[in-house]
Structure formats: C-alpha cells, structure tokens
C-alpha cells in the first residue's frame, strides 16, 4: 500500500513560485481549524506551545483539515524527543521546534524526527496513525521522506547562529519568532522595534545564504510586506484567536458604543 500522505511543507515551498502565506490555529478546536483550512491560505500552523492543545486535539485538527488544499504544520511545545515522537505518530508530517538557538539544538531536533540509525525516534508504527497501523509497506525505511522539520529561531543568540542552524543536515527551514526575539533583546512586547526587525532581517539573510527557506511571524501587514520583500519564503500573518478577539472587540465597539457609551468605554 503506498503512503497516503500529502506533500510536506518542504515540498510545498520547493514547488511554489511565490512565498507562502499562513495563519496560526491556537483555539484547540477542530471546527475552527476546518473553517480556517477552507479560507484559501497556504499554511495552517497548529500550536502546542502557547495554546490549549494536547495530543487528542491536535489529532482532531489534523483529521479535520485533511482533504483541504492547505499544508498543516504542528509546533511542538519544546525540543523534546518524546513529544516530537508522539506528534509524528499522530500523523503530523510537518513540525516546528521552538527555541532553537544553536546548531547542537537543531541536530537534536533532527535526531528526534528520524528513526535509527540516523536518529532516535521511537518505533511504534504498528500502533500509530503515521504508518496507518502497519498498513504502509516500508514505512519505517521511508518515513523521513514524508516528514519536514523547521526550527524556530527566537533569541539574539539564535540570530547570530542562524547560518549554522540552517546548515544542519535534516533542517528543512528556519522560522523566526520576533516576540521572543524581542524579549531576548530586552524589548519585551516590541516585535516591531527597529532593532528587532533589523535582527529578523539579519536572520532572513543568513538562512537564505545557507540555502534554506526562512519564514517569520508578522501580524502587522506592513512589517509582513517588508519581510517578504527581504526574501522570506513564508509568513504567518494572523491567528484564529486574535481574529476572533479583534472581531468581537469591533462588534462590541460598534453596537455598545451606540446604545451604551459608558459600557463600551469600560
């Protein structure tokens, strides 16, 4: 039986003649994930680091978006081989590992997504959706071809080491996180500070020079445009929860501002 999986995010980037655009799915809801999957974006990033997502909810979201023309990526909560193994066994083909600041940390992530002897991913394909419960002939030998790994550079040290991180064999691309980068630079909450954006530009240039795709998180459209102009291969431009928060804020402001000005200003 052939492996009934989609092209990886690595493949999608290589096949595209333009940067890819996506959004975060942080609600933990399979229904919301499916709504977002049908929006026409290229990429959905299901978050486990800062969102109420566990293995069961991630599985439900992966199942919900199957069949839609969108690439699903899962950000694991940490560079933990056990968690990475579990997410891969759910059938996730694309993972982002956060807080990678050195080449050694990148190599550890690579080892976690590969089976021995090239890595240390635990073997349980008979029990897992990834190998369709041992219905996929040759899954163990071919699994690495159907998984892409992106590591997230989110510190000043990571920016300095971006070329070395991108050059690690098995790293398919780098994702820059301006929020934690700003914090590491003493600029907490100031993702669009000129020093932070300058550091992001340096990371983009370093990763591109290493021959790897590089993406960035940018909810400000003008900043996202600037990163795309600088050569970003993909950009995350919003999140389900922030869209809901701002949309409900706008509704409250529009209607309560008319009928109850005091409540609208509270």
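From the list [x] 39, 21, 17; [y] 32, 24, 16; [z] 46, 21, 15, can you say which value of semi-axes √(5λ) of the Cα gyration tensor in Å was derived from the structure given?
[y]
Connecting C-alpha atoms closer than 10 Å in a GNM of the chain, tell me which of 185, 99, 23 has the biggest fluctuation.
Most flexible of the set in this elastic network: 185.
If you rank 68, 227 by fewest surrounding Cβ atoms within 10 Å, what's the result?
Fewest-to-most ranking of 68, 227: 68, 227.
Using only the alpha-carbon atoms, how far is helix 194-209 inclined from the longest principal axis of the chain? Give it as 0 to 90 degrees, nearest 10.
For helix 194-209, the angle is close to 30 degrees.
Could you work out [θ]222 nm for the chain from helices alone, using -39500 (n - 2.57) per DSSP H run of at least four and dividing by all its residues? Round to the nearest 500 deg cm²/dmol.
The helix-only estimate for the chain comes to -12500 deg cm²/dmol at 222 nm.
For 155, 66, 71, which order do you get if you count the other beta carbons within 10 Å of each Cβ and list the fewest first?
Ordered from fewest to most neighbouring Cβ atoms within 10 Å, 155, 66, 71 come out as 66, 155, 71.
Choose one answer from 251, 188, 44: the residue with the largest mean-square fluctuation in a GNM of the chain with alpha-carbon springs under 10 Å.
251
Provide 45, 140 in ascending order of the number of other Cβ atoms located within 10 Å of each residue's Cβ, fewest first.
140, 45
Looking at segment 15-173 only, what percent of DSSP beta bridges run antiparallel? Nearest 5 please.
Approximately 0 percent, going by the DSSP bridge assignments.
For the chain, calculate the relative contact order in percent as a whole number, restricting contacts to Cα pairs under 8 Å that are 6 or more residues apart.
18 percent.
Using 0.36 nm per residue of separation minus the Cα-Cα distance, give me the extension gain between residue 56 and residue 120 in nm, one decimal.
Going from the current span to full extension adds 20.7 nm.
Could you work out which residue, out of 224, 232, 166, moves most in a Gaussian network model of the chain, that is, has the largest mean-square fluctuation with Cα springs under 10 Å?
224
For the Cα atoms of the chain, what angle does the longest principal axis make with the long axis of helix 240-259, in degrees from 0 to 90, nearest 10?
20 degrees
Helix 103-113 versus the longest principal axis of the chain: what angle, 0 to 90°, nearest 10, using Cα atoms?
It is inclined by approximately 70 degrees.
Read the figures in this text as sums done on the coordinates, not as results from a lab. Since the model is a prediction, treat every value here as computed from it, not as a measurement. We place every Cβ from the backbone using ideal geometry, glycine too, and count neighbours over all the protein chains shown.
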